[in-house]
Amino acid sequence: MHVLIIGAGITGTATAHALLDEGHTVTLIDPDGSAARERGTPSAGNAGWIATADILPLAHPKIVLEAPRMLLDPLGPLAIRAGYLLPLLPWLARFLWASRPSAVAASTRALIDLQTRALPAWLARARALGLEKHIHRKGGLYMLDTPSSVEKARIEAKAQREAGINVDVISLDEARQMEPAIRDVFAGALFHADSAHISDPLWLTTALFEAAIARGANSLPATVRALSADGKPAVLTDGGVIEADAIVLAAGIWSRTLAAGLGDKTPLDTERGYNVSFKGVTGLTSRPIAFKDHGFIINALDSGIRIGGAVEFGGLKAKPNHARTRALYEKCSRFISGLPDFGSGDVWMGFRPSLPDSLPVIGPSRASPRIIYAFGHGHLGMTQSHVTAGLVADMIAGRKTSFDATPFSAQRF
Ligand SMILES: Cc1cc2nc3c(=O)[nH]c(=O)nc-3n(C[C@H](O)[C@H](O)[C@H](O)COP(=O)(O)OP(=O)(O)OC[C@H]3O[C@@H](n4cnc5c(N)ncnc54)[C@H](O)[C@@H]3O)c2cc1C
């Protein structure tokens with residue numbers, strides 16, 4: 001079959017490989033060739049953690065109590081930009097609905113399915129393409145501020161163990177033996193031995209894209225304006241109409257309007273995330289370290305350390321507020337010794353494509369079984385990319401998927 005993939009971020013490029021494996025002809029359509037950091041494409045600037053232990057959705061029963069406290073801090077881990085509350089209301093209503101216990105349990109089960117397959121899928125793909133040097137298997141730390149966060153983390157660790165995830169609750173001393181730059185200000189940590197991190201998201205997305213081209217995929221630098229399911233599946237670009245046997249929509253946050261044009265109104269919105277990267281600064285830390293009570297991480301990319309996180313709702317047009325990035329950096333300097341000056345870093349903001357139940361959309365459109373969606377991976381798109389790709393390949397082939405994909409259907413909304 002000839003398959004058009006709209007979007008050459010990490011989801012689109014991973015999907016290209018899964019389809020090439022099956023002998024399909026693949027064309028990747030993206031205005032930038034592949035993911036561009038300058039446009040806030042998250043595949044090009046994320047934190048680089050294959051965060052396989054994150055199996056809990058963001059919505060949970062206590063969020064209604066916690067969110068107002070977080071929102072009160074203008075530079076805290078969660079913010080809504082002035083003027084964006086109204087457009088966000090439908091998303092927020094869905095988020096609250098997703099925080100009831102039965103919905104949290106269902107999202108957790110679906111996330112476990114994706115997350116526990118993520119690292120094996122990454123390793124298999126990296127091995128097949130000779131890209132192993134991009135994946136570092138040093139585990140990841142979640143630092144915990146207080147004895148009560150340690151107790152809460154023990155409960156989470158129990159759920160993770162039940163899902164087959166390797167996790168240890170460790171002391172601050174043990175964490176500092178692994179990462180001497182951690183300051184003496186925590187009560188303990190969770191250590192996930194089986195999570196991993198990558199060289200650099202832009203490097204790896206580009207390497208996957210180039211490997212797809214080397215395997216025979218085509219690249220069409222263009223913007224898709226609309227999709228059509230009348231007759232053969234087709235896309236409309238500024239250069240004209242292109243027909244294909246199947247289409248995969250993997251355009252991140254920009255998928256919302258294209259899917260809506262096919263009759264699938266998804267509550268996709270963007271959780272804007274911020275980071276600062278220090279190019280060439282390596283050796284200070286050696287693995288991802290999350291500050292669980294503060295919603296951000298520091299990661300040791302091969303390109304240099306990166307401090308990033310935060311969630312800001314503000315749509316696609318508002319300018320970045322890098323006071324937020326500075327606030328992350330300042331907090332981080334209370335937790336990690338020896339950081340370079342903020343001014344020597346490179347600040348960035350990117351658009352996480354997020355759905356309120358923390359699950360992506362992976363599945364056929366309402367208009368045609370030959371137009372498959374693969375978007376909305378929120379905080380975990382880099383982690384889940386090759387698992388998503390495998391499901392899409394199953395769907396394109398018309399096979400039963402390798403595990404239950406119904407929780408990811410676009411028609412769940
Ligand atoms: C600060 C931050 C930190 C993060 N950290 C992590 C992490 O550590 N681990 C993790 O797993 N995830 C992380 N994420 C999330 C992850 O980056 C995203 O979920 C993932 O990159 C989404 O990838 P994607 O390919 O689906 O979409 P995108 O990366 O958004 O790519 C979509 C592509 O589609 C193209 N496109 C858009 N519109 C059109 C159109 N009309 N026609 C053609 N092409 C189009 C774009 O140019 C783009 O290249 C983080 C995100 C942020 C913002």
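Readers should treat all values here as calculations from the given coordinates under stated rules, not as data from a laboratory. Nothing here was measured: the structure is a model prediction, and the numbers come from that model. In this analysis, Cβ positions are derived from the backbone assuming ideal geometry, glycine residues included, and neighbour counts consider all displayed protein chains.
Averaging the Cα positions of each part gives two centres, and for the stretch 381-403 and the stretch 115-190 these lie 26 Å apart. Cβ crowding within 10 Å ranks Ile80, Ile112 as Ile80, Ile112, fewest other Cβ atoms first. Using a cut-off of 13 Å between beta-carbons, work out the net charge of the residues near Trp97 (Lys and Arg +1, Asp and Glu -1, Trp97 not included). With Lys, Arg at +1 and Asp, Glu at -1, the neighbours total +2. Determine, at each q value in 0.17, 0.23, 0.25 (inverse angstroms), the log₁₀ of I(q)/I(0) that the Debye formula gives when each Cα of the stretch 311-402 is one equal point scatterer. The Debye formula, applied to the Cα set alone, gives -0.86, -1.16, -1.24.
A simple spin-label model places pseudo-atoms 7 Å from Cα toward Cβ; at Ala105 and Asp346 they are separated by 4.7 nm. Couplings 3J(HN,Hα) for the stretch 398-403, derived from phi with the Karplus relation 6.51 cos²θ - 1.76 cosθ + 1.60 (θ = phi - 60°), are x, 8, 5, 5, 5, 8 Hz, where x marks Gly and Pro. Rounded to the nearest 0.05, what FRET efficiency do Leu316 and Gln177 give with R0 = 51 Å and r taken as the Cβ-Cβ distance? Could you check? So the FRET efficiency works out to roughly 0.70. Counting only aspartates and glutamates at least 8 places from Lys265 when in the same chain, those with an alpha carbon closer than 18 Å to its own are Asp357. Reducing the stretch 250-279 and the stretch 283-358 to their Cα centroids gives an inter-centroid distance of 19 Å.
Counting neighbouring Cβ atoms within 10 Å and putting the fewest first, the residues Met1, Met395 line up as Met1, Met395.
If I take R0 = 25 Å and measure r between the Cβ atoms of Ser402 and Glu162 in this structure, what FRET efficiency does the formula 1/(1 + (r/R0)^6) give, to the nearest 0.05? All intermediate terms of the calculation are to be shown ahead of the outcome.
On the way: r = 22 Å, r/R0 = 0.87.
E(calc), rounded to 0.05, equals 0.70.
A straight chain from Ala67 to Ser337 at 0.36 nm per residue would run longer than the Cα-Cα distance by 94.2 nm.
Treat the count of other C-beta atoms within 10 Å as a stand-in for reagent exposure and order Thr13, Thr237 from fewest to most.
Numbers: Thr13 30, Thr237 18.
In increasing order of surrounding Cβ atoms, one gets Thr237, Thr13.
Stokes-Einstein diffusion of the chain at 25 °C, 0.890 mPa s viscosity, Kirkwood radius from Cα pairs, rounded to a whole number: 114 µm²/s. Given their separation in residues at 0.36 nm each and the Cα-Cα distance between them, Leu89 and Ala214 gain 40.5 nm when the chain is fully extended.
Using C-alpha pairs below 8 Å separated by at least 6 residues, the relative contact order for the stretch 169-245 is 16 percent. Angle of helix 85-97 to the longest C-alpha principal axis of the chain, folded into 0 to 90 degrees and rounded to 10: 80°. Once the Cβ-Cβ distance between His2 and Asp184 is put in as r, and R0 is 45 Å, what FRET efficiency do you end up with, to the nearest 0.05? With a Förster radius of 45 Å, E is 0.15.
Working from Cα pairs under 8 Å separated by at least six residues, relative contact order for the stretch 227-381 is 29 percent. Relative to the dominant Cα principal axis of the chain, helix 10-21 is inclined by about 50°. Mind checking which aspartates and glutamates have their C-alpha under 18 Å from Lys331, skipping anything on the same chain fewer than 8 residues away? Excluding near neighbours in sequence, the set is Asp73, Asp145, Glu179, Asp184, Asp293, Glu312, Asp341, Asp346. Charged neighbours of Ala18, selected by a Cβ distance under 10 Å, balance to -2 (K, R count +1; D, E count -1). Among all the aspartates and glutamates, which ones have a C-alpha under 15 Å from Lys158's C-alpha, if same-chain residues fewer than 8 places away are not counted? Straight-distance partners of Lys158: Asp54, Asp168.
Over the chain, calculate the relative contact order: mean separation of alpha carbon pairs under 8 Å at least 6 apart, over the residue count, as a percent.
Values: 913 pairs, mean separation 106.3, N = 413.
Value for the chain: 26 percent.
Considering helices alone, the calculated mean residue ellipticity of the chain at 222 nm is -11000 deg cm²/dmol, with DSSP H runs of length four and up weighted by -39500 (n - 2.57) and normalised per residue.
Around the amide H of Ala51, modelled in the peptide plane, lie the amide H atoms of Thr383, all under 5 Å away and 5 or more residues distant in sequence or on another chain. Measure nothing but the geometry: give the 0 to 90° angle between the long axis through the Cα atoms of 147-162 and the longest principal axis through the Cα atoms of the chain, rounded to 10°. Tilt of helix 147-162: around 40 degrees.
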